[in-house]
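Inspection log for the structure reproduced underneath, given as structure tokens.
The values are calculated or read from the model by the stated rules, or taken from the named source; none is laboratory data. Keep in mind it's a predicted model, so treat the numbers as computed, not measured. Using ideal geometry, Cβ is built from the backbone for each residue, glycine included, and neighbour counts are taken over all protein chains shown.
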Amino acid sequence: MKESLVQLLQQAVRRLCDAGDLPAEAVQAAVKVERARKREHGDFACGVALALAGQARTSPMAVAQKIADSISDSPLVDKVQAAAPGFVNIFLSRDALAQSIQTIRRAGEDYGRSDFGGGETIMVEFVSANPTGPLHVGHGRGAACGDALARVLVAAGFAVLREYYFNDSGRQMDILALSVWLRVLENGGEKIVFPENAYRGGYIKTIAQNFCAGGGEVCGGGALFENLPAEDEKKLDELIARGKKKLGADGWAKILNFAAGEIMENIRADLAMFRVSFDNYFSEASLAASGALEKTVAQLKNAGHLYEKDGALWFCASKFGDTEDRVVRRANGAYTYFAPDIAYHLDKVRRGCKNMINILGADHHGYIERVRAALSAAGCGEHRLDALFLQQVNLINGGKKLQMSTRRGEFVPLRTLCEEVGVDAARFFYLLRKPAQKMNFDLALARAQSSDNPVYYVQYAHARICSVLAKAGAAGGGAGIFAGADYALLQLDAESDLLGALLRYPETVTAAARQREPHQIAYYLREVANYFHVYYNRCRFIEEQAPLRAARLALIDAARIVIANGLGLLGVSAPEKM
RNA sequence: GCGCCCAUAGCUCAGUUGGAUAGAGCGUUGGCCUCCGGAGCCAAAGGUCAGAGGUUCGAGUCCUCUUGGGCGCGCCA
């Protein structure tokens, strides 16, 4: 549609240049057409005349008039007008509009799909919360956004892989094991001093109980808390060392794996509840186990991108665009988290991902450059790695702003939010903000305002349409309620507004995919719902006059399709009744 | 100190790769159901788009600076 209009305009400009009405170089002017924002401005508008006026040394209005006059007839176009200060406004023909209702209804569930992505593989990595605690409302943003983006990309013609990467090794996991172990001892009646900076959440106690119930045994603490270092983090490390000594490597691993397993299982259940699914859960520990980690380091080393300094092994990231070099292996022989991350992203490349999008919290923004640098160093520079940074979700508690912390046990579980307001409202709530916008979260407020959630406005429009269609079907004896429609009778402003919005759906989907901004779909749907509700109040659909009735029912059926498809992209249900 | 993000109505936020008179929800005020679902519709009030320069026919949007806020800068993850 847009393309053919651009062509019409270009032809007109060329004709004027050939005729000498415009300077010859005007042919090269970029002709852009955009949706008109106001009804008086028609359906599409073009601003070339404003740009050409300088070259032509006449007023923009005169140029616009010339262009409007020399546009050739087209079945698409009803009329073309020049408008101050120099826009060319295009009004589509009723025929073109009527046909588009049929186009939408024929496409049905496929309306809005495109091959914009050309079938290219793209991996969306999101959530990726470590198994140290349940998902909280901060993770919910990543889950809602990542899942919606993945759905949008699928609709835009990409082959999408969804992946969850979790760090199931390293110090965090030891702290988790320690936390559980101490709670187990506590259950056994021992007197413990639970460290301030271990995992304090109540779920740790539950895991400890389950561990005991499952026959897990642990040795007692004894002098466990004597002579500990004063500094908090050192204290944890010492407790971990004592625990490992007491339980032995196997005993420690048993409790660690049990805890991580329980938490991961819980996370998966929460994600399923939140209607988020992954093609793959990728374990960091598996990279070491499979030898991929060693292999990656060797590969970089052989290529001459690693060097030793102060006993540590460094990657010369600064040669590949990062601001400084980064440690890959510490002086104590342990790898940093960066090393497996390199191996992981090389594995993505190995699996054929030309494009990778990592959805990360804004606090990880320095991180993506170094991984990119590593990809270039490994000769995979042509594989594109992008990050979508979601700004922080702050927790508001009694008017005070806290940052959510799994360690301190300060968070609201995602599950709690969904139980309070429902999955639809929760997902829509997250998707109502663009990624770069920070977000404060107050459960009490969310609960109080849940009935104001615009999701109901959109769902209500869908349910209303279904209800009208059902009634019309019943009244009309069932079949054929759309038969004999005369679309030329749709002459209300409310009708052209609604239809105009419906026609914008496909480009809204590709824009959301291109800009990685699923929130655009949410705002678009609110607009469509608004046009529908206005229409609903403006006239009756189940009309006496059959050709008009059928046309109106077809139009709202098209609206039903768009709303259902759009909500589907957001992972929100489109109920027929509410 | 360096880097990234943000600043739009009383509050929470949109604003289509620069377009015409800057929009919506909530809140406030006043209207609309004998009729397809009132979780709806209509209207009013509410703005120096943080500030100052610049680019452009045209700037909330792009560039520079200033102010104010968030985050990051570890051989933590």
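Of all residues in region A:238-250, none satisfies being crowded, with 17+ Cβ neighbours inside 10 Å, of a type in the set (A, V, I, L, M, F, W, C) and without any contact (Cβ under 8 Å) to a residue 40 or more places away in the chain. Restricting region A:31-69 to residues that are over 18 Å from A:Leu503 (Cβ atoms) and acidic (Asp, Glu) leaves a set whose member that is farthest from the chain's Cα centre (by Cα) is A:Asp69.
Of the residues that sit in region A:515-556 and are acidic (Asp, Glu) and more than 14 Å from A:Leu490 (Cα to Cα), which one is modelled with the lowest pLDDT? Even if it seems obvious, please write down each step before you answer.
As a first pass, look at region A:515-556 and keep what is acidic (Asp, Glu): A:517, A:527, A:543-544.
Those left that are additionally more than 14 Å from A:Leu490 (Cα to Cα): A:517, A:527, A:544.
On the way: A:Glu517: 95, A:Glu527: 96, A:Glu544: 91.
It comes out as A:Glu544.
Residue-by-condition table, conditions (1) free of Cβ contacts under 8 Å to residues at least 24 places away in the same chain; (2) assigned to a helix (DSSP H, G or I); (3) touching a Leu at 6+ places or on another chain (Cβ under 9 Å); (4) under 30 Å from A:Val13 (Cα atoms):
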position: A:Ile90; (1), (2), (3), (4): no, no, yes, yes
position: A:Leu97; (1), (2), (3), (4): no, yes, yes, yes
position: A:Pro131; (1), (2), (3), (4): no, no, yes, no
position: A:Ala148; (1), (2), (3), (4): no, yes, yes, no
position: A:Gly157; (1), (2), (3), (4): no, no, no, no
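For A:Leu385, the conditions (1) more than 19 Å from A:Ala144 (Cβ to Cβ); (2) surrounded by fewer than 20 Cβ atoms within 10 Å (Cβ to Cβ) are fulfilled apart from (2). For region A:272-280, the criterion of a residue being more than 13 Å from A:Ala339 (Cβ to Cβ) and out of contact with any Lys or Arg (no Cβ under 9 Å at 6 or more places or on another chain) is satisfied by at least one position.
Flag set for A:Ser318, criterion: surrounded by fewer than 17 Cβ atoms within 10 Å (Cβ to Cβ) and not in a loop (DSSP other than H, G, I, E, B). Screening the candidates A:Leu414, A:Leu498 for the property of being of a type outside the set (Phe, Trp, Tyr) and either near RNA strand B (Cβ under 9 Å from one of its atoms) or over 30 Å from A:Ala129 (Cβ atoms) (or both) yields one hit, A:Leu498.
Residues that are in contact with a Gly (Cβ under 8 Å, 6 or more places away or on another chain) and aliphatic (A, V, I, L, M) within region A:159-181 comprise A:Ala159, A:Ala177, A:Leu178, listed in sequence order. Taking the stated definitions as given, is A:Ile192 within 19 Å of A:Ala260 (Cα to Cα) and either among the hydrophobic types (A, V, I, L, M, F, W, C) or out of contact with any strand residue (DSSP E or B) (no Cβ under 8 Å at 6 or more places or on another chain) (or both)? No. Taken over region A:541-558, the residue count meeting the criterion of being touching a Leu at 6+ places or on another chain (Cβ under 6 Å) and under 30 Å from A:Pro518 (Cβ atoms) is 1. For region A:1-44, the tally of residues that are surrounded by 16 or more Cβ atoms within 10 Å (Cβ to Cβ) and in a loop (DSSP other than H, G, I, E, B) stands at 7.
Quick one: is A:Ala253 part of a helix (DSSP H, G or I) and either away from RNA strand B (no atom under 16 Å from the Cβ) or in contact (Cβ under 8 Å) with a residue 60 or more places away in the chain (or both)? For A:Ala253, the condition - part of a helix (DSSP H, G or I) and either away from RNA strand B (no atom under 16 Å from the Cβ) or in contact (Cβ under 8 Å) with a residue 60 or more places away in the chain (or both) - is met.
Checked against the criteria, A:Thr103 counts as free of Cβ contacts under 8 Å to residues at least 40 places away in the same chain, away from RNA strand B (no atom under 16 Å from the Cβ) and among the hydroxyl-bearing types (Ser, Thr, Tyr). Please tell me if A:Phe274 is surrounded by 18 or more Cβ atoms within 10 Å (Cβ to Cβ), more than 15 Å from RNA strand B (Cβ to nearest atom) and modelled with pLDDT under 95. So A:Phe274 does not fit the description; no. I'd like to know if region A:510-519 contains one or more residues that are assigned to a helix (DSSP H, G or I), of a type in the set (S, T, N, Q) and within 12 Å of RNA strand B (Cβ to nearest atom). Among the residues of region A:510-519, at least one is assigned to a helix (DSSP H, G or I), of a type in the set (S, T, N, Q) and within 12 Å of RNA strand B (Cβ to nearest atom), which makes the answer yes. The numbered conditions (1) surrounded by 16 or more Cβ atoms within 10 Å (Cβ to Cβ); (2) at pLDDT below 95; (3) assigned to a helix (DSSP H, G or I) are all true for A:Phe482 except (3). Among what's in region A:45-79 and is in contact with an Asp or Glu (Cβ under 8 Å, 6 or more places away or on another chain) and part of a strand (DSSP E or B), pick the residue that is surrounded by the fewest Cβ atoms within 10 Å (Cβ to Cβ). Selected residue: A:Ala45.
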